[in-house]
Every structure is written in structure tokens, then in C-alpha cells.
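Written out below as C-alpha cells is the structure these notes cover.
Values in this text are rule-based calculations from the coordinates and carry no lab data. This is a predicted model, so every value here is computed, not measured. FYI the Cβ positions are ideal-geometry reconstructions off the backbone, even for glycines, and counts take in every protein chain you see.
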Protein chains: 2
Amino acid sequence: MADAAVNSYELDLRAIQFTLYEHLQVQQLFDHPHYSHLSREECDAVIAQCAKFATQVTGPLNGPGDRAGCRFENGTVTTPDGFRQAWKTLFELGLMSFAMPTESGGFGGPHAVECVLQEIQSGANTAFNMYPGLTHGAADMLFHCGTQAQKDLFLPHMLSGRFSGTMCLSEPHAGSDVGAAKTRAKHVDGEIYEITGQKCWISAGDHDLTENIVHMVLARIDGAPAGTKGLSLFIVPKVWVKPDGSLGKPNDVQTGSIEHKMGIKASATAVLNFGENGACRGLLMGGVPNQGIKQMFRMMNSARIAVGIQGIGVAATAYLNALGYARERLQGSAAKNFKDPNAPRVAIIEHADVRRMLLEMKAKVEGMRTLAVKLALHNDLHECLKDVDAGKAARHRGQVDLLTPIVKSYCSDQAFRIAELAIQTYGGAGYVQDNPVEQYCRDAKILSIYEGTNHIQAADLIARKLQANGGEDFRLFLEEIETFVARHEKTPGIQAEVTALGVAVDALKRAAAALMEFFMSGKVDQVMLNANDFLAVMADVTIAHLLLEAAVVAETKRGSDHDDQSQEEFDFYAGKVAAAKFFVNHVLPMVHARVATITAGDRSALDVHDRGFSTAV
Amino acid sequence: MADAAVNSYELDLRAIQFTLYEHLQVQQLFDHPHYSHLSREECDAVIAQCAKFATQVTGPLNGPGDRAGCRFENGTVTTPDGFRQAWKTLFELGLMSFAMPTESGGFGGPHAVECVLQEIQSGANTAFNMYPGLTHGAADMLFHCGTQAQKDLFLPHMLSGRFSGTMCLSEPHAGSDVGAAKTRAKHVDGEIYEITGQKCWISAGDHDLTENIVHMVLARIDGAPAGTKGLSLFIVPKVWVKPDGSLGKPNDVQTGSIEHKMGIKASATAVLNFGENGACRGLLMGGVPNQGIKQMFRMMNSARIAVGIQGIGVAATAYLNALGYARERLQGSAAKNFKDPNAPRVAIIEHADVRRMLLEMKAKVEGMRTLAVKLALHNDLHECLKDVDAGKAARHRGQVDLLTPIVKSYCSDQAFRIAELAIQTYGGAGYVQDNPVEQYCRDAKILSIYEGTNHIQAADLIARKLQANGGEDFRLFLEEIETFVARHEKTPGIQAEVTALGVAVDALKRAAAALMEFFMSGKVDQVMLNANDFLAVMADVTIAHLLLEAAVVAETKRGSDHDDQSQEEFDFYAGKVAAAKFFVNHVLPMVHARVATITAGDRSALDVHDRGFSTAV
């Protein structure tokens, strides 16, 4: 039974514009030589084109793709109907090349705008967007780490959509513990190695969208050290490529199976067997051995941010769908009429609890988007400044590093939470396939797991990012918020909320100090026990700050000195203030609960005997 | 492709025994005449039989049933392979009759034990257990509200498994707002009415497990008042029954469709059309008109408790599966060796963050189970005392009423949360069908929605239950916890935690006072806005109290005066203390965050203009 191609993807371009241009002033980038070839108008045109692609092409494929899933038959993977055409269209539109450097044939667009493009594409069809997403990451890594010959052989075809890409890290016994990988590489000649091993959980690992797939494979050269330091990166095409770009002999890469997943069912997650017949060859990336984890981290860092953005995309459309439903669905009467059975029915958006859910979703979605765009803007400013003011550039780079685990973890966790709230807003109608939110919830669940589980992000934040540059990145992060608090603690309308933010920052600092003390006294386990709570605290403080900042901007935009402002615009800005106040009053207090947990230093989970969990299993 | 019948249901009989007999002393019931026909041994035998049924019969059908789902073809519903045999076995074992009154041919067992039986059956196969669950509820309602003739006609067949039952409340435009139901009843003769209307979201509404289905249908007799007060309850069999029990002519009840759901896919959720051909007849329940909502509430109250217990069942097996996996899965080295790539791999249960997740799951599962059994025990004591000491009996009844919305909401929300934690414990392996946890998560999502959404529970708690009996039920609830705090605030080992409980109770009282003040000042919307937070606060305080009480019991059981105690038993009891400490230190602090939210009185979600949510949809 073929599904009618109905789009259920919803996006709010007005809100996106506010974040980009009114709040974060992304247009500042066009004044820098690095981005002076672009303008706001051009970027907006790309965003509009992307929105059209999302609502007209991939959006309508989202539900049907979920129902059909990928099929694995006779060793090959078939994607759902429509995916091949969507892939073609994507490349015809040039959306894939927007953020690729001009030197690679790309458009050289800013990450801040790419962030929005990715949100839109992931929101419309999370599963489909895995294929270009992986290809983009692999191409970016190849561009930065490959030799010229390697780039010439593969890159143009990856950017044209003829070839796709993957990242092959995990193995059956090496997931979070990447360094335990057993895939081997034996030197053959020059950059050429013979690859043997099995990789699993490979997103876009096999499919029918392209003529060829370029796998980026971590393997250990015979004799290399144990752990991550002995891993090298190999370019392992599914089919060999001749210098003229035409395809040669197939490489020895076999698809063992694909996973049957809870969500993103249209994204093929493959088990790949390299060298089953002793005939798998790969090219050593950049010609340098034992640099694999460093090279792969370039892709992984982008991928982590991309996962956070996937979360924003899913969360945003989940929210807007729930909002649309809440405005249309009539049920019950107004609370004040609860005793009158003849009182008129009202749209459920009039019920206080529905408004609570909606405003929580809105605040989080818009807060997360602002966070991701801000991270991307730091990245862009680093690009602009790296050859002009190395110190300033490094500070922007530091914020990118610091915020990456927060974007990955917070946005992925919240995407699931927001999809859950969206289901609850629909009630029973949210639990069935007729509406998109149950799929959003299933799709979103993977986000807290892949590209480094959210605990790995929290560990990264605490063990690496807080200490980076002698703690300077974290200090600058705190300073920015404290400066905001000092400037606005008397600003009418949000005074109480700004004060609450200041109190929360103090709590965050106490939590950081407590973790440091655990660490200094050798209690690494206690640090890890509290790592997720710490990340959540930092995320809530960050989001509260950004929402309040947005509220300040919105306040200057609305009101008496804008006499010709439409009522719609006035209400839009008022919504920004409401979202900030809601978040501070309903979400930010959790900071103090988590800090209480951290500072209490409870060791029950660490000290309990394994049998204390249960003597039954 | 047929799935191998693998059981993935896990249960912890030792933990269940602790809750029943060591902590809550359910055996006290056997001293009362009402339950003196039973003994602990007999109850344990039934529990053991139930556990066997769950692990050998319905547990292995859980995954395959999810994959197959129910089929709807040519107007009839087919359940997955194995369900018909499981249904037969269930009735052969007599499990359905355990808690039915002896006068109805049942075993007259206590609710406290039935609670555990239901946990086990729902945990093993949530979807399958919907069918007997609805039948049990319908039979119980018929027993208490039907005329003798009505009972004689249907009840024996419902208890033997020949017939099943349903409850038909919802209609397309009457979900949470039951009083908006449009289904009509026109008097024909005596108790016989002609029924016309459409009901939807009818669990077990159609299937192939029984010869007949007895629908309990809410409808409005022509001329009856609007709203819930004008609703009457009708017994509408799918097929008419002759006095000798044999089947007569089919009634005019047509299945319109079944839903395609996120989870509990093997439970048929039907749209039922009554009287499409003008030939649907029903019997007025008990022969009394306009008592439908009151009669249905008997079933709904039990159903709400049952939904909470479903949550416990799913959560418990999710936890134990995650625990089993964490003990087996090797990944990474101990935190203290993180710099040594050659350090031995360890089971992931050794990682602090995994222990955090496991102990959170354990504490919540065991806390919820204790809460549900305690509620059931109040019910049983009410039964025991109602003819002996009406005042005391009423106090127990009051606690049942007060705790019902908490059991329904908290356990359903936490089931989803715990399934999520279980998935996270597995990592990628939790996101695929090879392991049961992704199904648990999907199955659990419905629990916060049906039988009154969790917000309806919160509204019920605040608007009805807190005020019931002049506030006496709530006062007794608080008094019990405060008495515990006073008794144990110097008890070694848990002193800090007991003190924290006392502080949390004070916060709960402040929150209740704040809500009362909102109510008195006419801010009903503000009360509703904060209702869910209030319920969560009350739940956390309740669970913390029960876990600490369990810890006190466990402390008296382990230790030096039990020289012959096995190390396993010692560790079991130590686990109880650890769970209590963990909950108080890691979960209970959220109480203060929520109380801060409630008392702040923020109105942003209430005051924001509809367009403030978004101007895009």
C-alpha cells in the first residue's frame, strides 16, 4: 500500500531569521574578507531553496520511508521509493556544496547558515539526510587530510553526488572503546594497504543512491601500537576508480547485514566485511600512518555538532506539528467553565497544561537553535580571524570546542524529550502513524547514542574541555554570561529572571569546583558519576542566557517606538520574552537540584556491590 | 519469517518477596476473616505459576507479537500467532480469577498479590495482557453494577475466557472530554435500548481470542442531560447470548478499522461502529439510567491503577535486561586505567555512569512497586475492615483514592524514562530489535496517555483528592511520612537522607499551600499549569519515603546478628540501602526545583498570545 506523499515537516522561517540576523547578527560575517563573496540575500535564497526542497521533496518521503525502511536482499541494500530522485535533486540544487570551501569547488558559505540548512534537512527527513551528511563529513575530511592525488580521485565525485561517503569506526567489540578496534592493515605498496576486518553500525554503509561509496576506515597497521594511537585511516572505495573518474574493479567490501532499528529506518545501518576474500585494498589517508584518530576526529567533531543539529531539526518540527494540532483540536471547555457541560468547546491550546508543554518545547527549540548557530558563528569567526588575529581566532575556536559536547548531548536528549511532549500534546493521536510525532520520537532516540554517547560527551566536557587552554575557554564562557547578568539585572520585565541566571551561574561554578576537588582527591569515578549532571547544568545555564539575550533583543524591537509594527510581529517578539521567562522559571531551577546532587558527593552507585543491583539476573 | 520464541522477560522474585512480606507485611491480611481462606504459601504458588506463564508462554510472544502486530482484513481482526493458545492457557491456570470475589466464582485473593501478578503479566507482554486486563475490568464492573440476570448471562463466560470485555468511552470528538460523547440510546423495551454511535481507541475492541466480546458502552439516552451526568452505561455484546449460554444472532457492532501504533502493536485498538444498520441493542447496566459515568468510574479507577502497574512491569524487565547486558558486555577499561591501552577490558557495569543509570532504574522500579503494592494493601485493608471498623476502613479507602493518580502518572512516566535509560545502557544495541528494550520504550509511551492523560490525573489529584474528606486523606498521608522522619532522623547510615526527606515534605506542603492560594484567588489556570509539577513532587516524596522505609527494614535484616546469612542475601539488603540513598541524593532534589517553579507563580505560558508561540503554523 503506497502512502500518499504528504508533507508533515513544519518550519518557522521567521524564528530562524530572528536568530540569525536579529539576535546573533550573522551578517557581520559578510564584512570579513573570508565571507565577503556572500550576502544575506544570497544566504536567504539558499535557505528558501532548502526549505522548498525539505517541504516538497524529502518531507513527503519521511513517513513512507519509515514504513518501508531499507531492504537488504542478495547482499545489496535498497532505499525506499523516492530516495534516489531526492538524492539527485539535492545535488542539482547544490545544497551539499554550500559550506564546502571554495577551493574544493564549494560555495564557501558560513557554518552559521549551514547550521540552519542542516536543521531544515534533518528535520524534514532525518533518515534521508544521513546519506548526504556522511558524504559531507567524509568529503570534508578528505579535503583537509588527503593527498592531492587522493582528493583528485574522489572529491569531485563526492561533491557531485556520484559517490557517497561513510565513517567506519565501530566493530562488534569496539564501540565507545574505539581504540579496541581489530581491523588490520598490511602494507602492500606505496599508500596501498590490504584491509581485513569487520565494521558495524555503519550509517549509509550500503545503499542504492550512488555509483560508489567511499568508506573512511580506521584500521591498525601491522606492528602499530595498541589503543587509539596505533590507528590509521584508510580510504576504502566500494569500487575502484580510474584516474579519469570511471569505475574499475569492485573492491572486496561486502555488506553482511543491516540493522532493524527503532527509528531512522530509511537510513541503512550496515555491517561491512572488509577483505573477506583477501582482496580489499585501501589508501592510507594523507600518506601518514597512525594519525587515524586525529584525522577521524575532524569528522567526528563535525558529526557531533551535526547530531545536535539533527536533534534541533526533529524537535522543531515536532513542536510546530504539536502547535498546529493544539490550535485545531477542540476538546473540553475553558477551565473557568468546568462545571458547565454546555460551555463551548475550545481548542486545546487554551488549556494551561497544553500551553505549558508548548512553551517548554518552543523555549527549548529556539534556545537550542541559538546555541548551535552561536557555536557555528564562533567557527566562522575563527575562519575569518585566523590569519588576522590568531589570539582572537583561538578564543573563538575554544568556544567551539567547549560547546560541542553540549550541543551534541543537550540537543539530542531534548529532541527525544520534545518529541515525547509533542506526543503528549496530541494524546492518543500522537501514538499512531497518522501523525508524524511518534516517528520523530523513535528517530530521535539514536541521537543520544551515536557519535559518542552522551556520557562520552560529558566526560569530554569535564576531562578535556574545561581544562583546555588552562581553563581559559571555560572562564571566557562564564565571563560572557556574568557580563550579561551585570548589564541586565535591572532591566525591567526580566529582572527576576536575570537575577536567577546569575544565581545559576554561581551554582555552576560550585559544581565545577566540586568536580575538580573530586578529581584532585583521586575520585575519578565520582567525577564520571556526576559528569552528565554537570553537562546538563552547563547546558541549562547556556540556554537560559541565550533565551534572555533573545528576550532583550526582542524587547528593543517591539513596542511603542515601532508604531507601524504589525500585531503579528508584536506578538512574535512578545513570544520571545515569554519563552525566556518560562525557561528560567520552569527549567532553570533544575540546575540547583543537579548541583545539590553533585556537591553532596553521594557514592551509593559506586560503592554498591554488583549483587546489590539484583540477585535475580 | 517466523521469530524464534525467545523469552526476554526478566523478573526478580526475591525483590518482589521483599516488598510483599518483609517490607509491607502483606501476610497480615491472612489474619483477617476476609482473607483467612488464603495463606502466604498459596499466594506464592500462584505467583510462581504466573512467573512460569510469563516466562514460558507470553514472554516469548512479546517480540514476535510486536513485529507481526494485529491484522485487520475483511472486517475482522487477527491477533499474532500464539495469542489464542496463550489466552487458553491463562484461563486454564485460573490466573484471571485470582482477585475476583469468591461470590463471583473467583479466588478472592488480595489486591496486593494481584498487583504483583499484573506486574508480571504486563511486563512479560504488555500487548497481550491488554485483552485479559480489559476483560477483568469489565467483569468486575458487571459484578458490582449489573442486575442478577445480566451477571448470569455474561459473567461466567467472561471468567471462563469464552467471552472478553471492553470499555467504550472515547469518540472522535470526545477523548479527555468524555461528557461530549454523542452515542445515543433509544429505549426499546425494559432494559433494552437501541444504540447508535461511533467509539474509537477501543483496546481489545476486536480480536480472535474469544467467541464473543462484551462491550461496556457509554451512551446518552434520548432526552438525558448534557455532559457526563447524562451518560448511561450499556452492555452491548458483539453476539447475543441465549439464557443457556449459547450464542444467538450477531449484534450490529462493526469494526471500522484498527490503529497503527508506536507500540503495543499486538493489542488491537479498534474503531467500533454501533448501529450502522439500525440494529444494535444494548442492556442498561443495572437497569438504572444516567449512572454511566459513576459505574464506569469503578472500572476506570481500577484501570488507572492497572496502567501504573503496566508501567512497573515494563520498567522492571527493562531494568533487569539492562543489568544483565551491563554485566556481560565488555567495553573499555576501568576509569583509573584510562591512559593504558593495554589495560584489561571490563564489563560496563564497572563504569560509573552505567552504575548511575542502573541504580536510578532499580530505585525507581522498586519504589514504584512498593507504592503500587501499598495502594493495593490499603484496598485490601478497606475490604477487611469495612464491616468491622468503618472509620478505619474509610481511611484506607482515602489513601487508595489519593494514591491512584500518583500510581497512574508517576509509574507511566517513569516506565518510559526507565526504558530510555535501558536503551542508553545498551548503547546502539538498545536501538535495534535484537534486544527488547526499544520495544519496551515504544510500548510504554501509551501509558501516559490512556485511561486519563497524566495531566488529568494531576488535575484529579489537586481538584478532588487533596480536598477529599476535608483534606483528611492528604493530612494522614503527610503525617505518616513525618512520623517516619521523626523516628529515623538519627538512624545511623541514612541520617542525612531522612533529614532530606523531612525538608522535601516541608516543600511539598508549601507547594500545596501555594496551589490553594492560586485557587482561592480565582487563578484556576495557574493551578492547572502547575498540576503536573505538584504530582511529581508528591510522587518523589512518596517514593523517597518508601525506599527509606525499605532501607530501614533491610538494615534490620542484614548484618552481624545474622551470622548464617549468605553473602548474596547480605548484598541484596545492602542494595536496598544503596537504592534509597541514591534516590534521595540524585532524584529527590528535583522536588525543590519543582516547588520553586510552583511558588514563583510565573504566568508566561498563560499570558502569551497564541501567535507568540509561532507565527509560522
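Tabulated data for the structure shown
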| quantity | calculated |
| --- | --- |
| The stretch A:530-581: C-alpha gyration tensor shape, a/c 1.5 cut-off, then a/b vs b/c | prolate |
| Nearest 10 degrees, 0 to 90: helix A:40-53 Cα axis against chain A principal axis | 80 |
| A:Val346 paired with A:Leu247, simple spin-label distance in nm, labels 7 Å along Cα-to-beta-carbon | 6.1 |
| Residue exposure sequence - B:Val552, A:Val591 - by fewest surrounding Cβ within 10 Å | B:Val552, A:Val591 |
| Partner aspartates and glutamates for A:Lys490 [C-alpha distance under 16 Å; skip if fewer than 8 residues away on the same chain] | A:Glu482, A:Glu549, A:Glu555 |
| Charge tally in the Cβ shell below 15 Å around B:Ser257, where Lys, Arg are +1 and Asp, Glu are -1, B:Ser257 excluded | -2 |
| Cα-based convex hull volume of the stretch A:491-617 per residue, rounded to whole Å³ | 118 |
| Extended-chain gain in nm, criterion 0.36 nm per residue less alpha-carbon gap, B:Met516 and B:Thr599 | 28.8 nm |
| Relative contact order of the stretch A:273-373, defined on C-alpha pairs under 8 angstrom at six or more residues apart (%) | 26 |
| Diffusion coefficient, µm² s⁻¹, Stokes-Einstein with Kirkwood Rh over alpha-carbon pairs of chain A at 20 °C and 1.002 mPa s | 84 |
| Ordering of B:237-246, B:22-31, B:111-120, B:433-442 by packing [mean C-beta count within 10 Å, highest first] | B:111-120, B:433-442, B:22-31, B:237-246 |
| Chain B residue with Cβ closest to the axis mapping B onto A, distance in whole Å | B:Ala593, 2 |
| Under-5 Å amide H pairs with A:Ser170, H placed in peptide plane, nonlocal only | A:Cys200 |
| Spatial separation of Cα centroids for the stretch A:441-519 and the stretch B:52-90, in angstrom | 49 |
| Under Karplus coefficients 6.51, -1.76 and 1.60, residue-wise ³J(HN,Hα) of the stretch B:486-492 in Hz, glycine/proline x | 4, 6, 10, 6, 10, 5, x |
| Pairs of alpha carbons in the stretch B:131-182 whose separation is greater than 19 Å (percent) | 39 |
| Nm distances between copies for A:Gln17, ranked from closest, using label points 7 Å along Cα→Cβ | 7.0 |
| ³J(HN,Hα), Karplus 6.51/-1.76/1.60, whole Hz, each residue of the stretch B:268-281, x for Gly, Pro | 6, 10, 10, 9, 10, 9, 9, x, 4, 9, x, 10, 9, 10 |
| Cβ neighbours within 10 Å from other chains - mean over B:592-602 | 5 |
| Value at 222 nm in deg cm²/dmol, rounded to 500, when DSSP H runs of n ≥ 4 in chain B each add -39,500 (n - 2.57) | -17500 deg cm²/dmol |
| Surface/4 estimate of mean projected area, convex hull on alpha-carbon atoms of the protein assembly as shown, nm² | 47.1 |
| Cβ neighbours within 10 Å from other chains - mean over A:524-535 | 4 |
| Mean-position separation - Cα centroids, the stretch A:577-617 and the stretch A:317-361, in angstrom | 32 |
| The stretch B:145-211 - Rg (one decimal) and Dmax (whole number), Cα, Å | 14.2, 35 |
| Nearest-first distances (nm) between copies at B:Ser36, label 7 Å from Cα via Cβ | 9.9 |
| Rounded, prolate or oblate (a/c below 1.5 giving rounded, otherwise prolate when a/b exceeds b/c) for the stretch B:1-154 by Cα gyration tensor | oblate |
| Distance-filtered residues of the stretch B:452-475 - backbone nitrogen under 15 Å, label point 7 angstrom along B:Lys509 Cα→Cβ | B:472, B:474-475 |
| Spacing of the two label points (7 Å from each Cα toward its C-beta) at B:Ala334 and B:Ala226, in nm | 7.2 |
| Cα gyration tensor category, rounded, prolate or oblate, for the stretch A:155-294 with a/c compared to 1.5 | oblate |
| 10 Å Cβ neighbours from other chains, averaged over peptide B:171-180 | 4 |
| Lysines with Cα under 21 Å of A:Lys339, excluding same-chain neighbours fewer than 8 positions away | B:Lys182, B:Lys229, B:Lys294, B:Lys465, B:Lys523 |
| Phi to ³J(HN,Hα) by Karplus 6.51 cos²θ - 1.76 cosθ + 1.60 over the stretch A:329-341, Hz, x for Gly, Pro | 6, 8, 6, x, 10, 4, 3, 5, 9, 4, 8, 9, x |
| Nitroxide proxy distance, nm - points 7 Å out along Cα→Cβ at B:Arg40 and B:Gln467 | 4.4 |
| Summed residue charge, Cβ within 13 Å of A:Ala204's Cβ, Lys/Arg positive, Asp/Glu negative | -1 |
| Entries in A:Lys509/B:Lys408; A:Lys336/A:Lys557; A:Lys186/A:Lys238; B:Lys88/B:Lys445; A:Lys364/B:Lys408 that, when Cα-Cα distance is taken, lie over 30 Å | A:Lys509/B:Lys408; A:Lys336/A:Lys557 |
| Value of relative contact order over the stretch A:397-452, rounded to a whole percent, pairs C-alpha under 8 Å and six or more apart | 35 |
| Estimated FRET transfer efficiency (A:Ala279, B:Asn277; beta-carbon r; R0 56 Å; 0.05) | 0.20 |
| Exposure proxy order (Cβ contacts within 10 Å, fewest to most) of A:Tyr431, B:Tyr325, A:Tyr319, B:Tyr21 | B:Tyr21, B:Tyr325, A:Tyr431, A:Tyr319 |
| Highest-first arrangement of B:57-63, B:146-152, where packing means the average Cβ count within 10 Å | B:57-63, B:146-152 |
| Distances in nm from B:Arg464 to the matching label points in the other copies, shortest first (labels 7 Å along Cα to Cβ) | 5.5 |
| Angle between chain A longest axis and helix A:590-600 axis [Cα atoms, degrees, rounded to 10] | 70 |
| Angle in degrees between helix B:352-385 and the longest Cα principal axis of chain B, rounded to the nearest 10 | 50 |
| Whole-number percent relative contact order across chain B, with pairs defined as alpha carbons under 8 Å at least 6 apart | 12 |
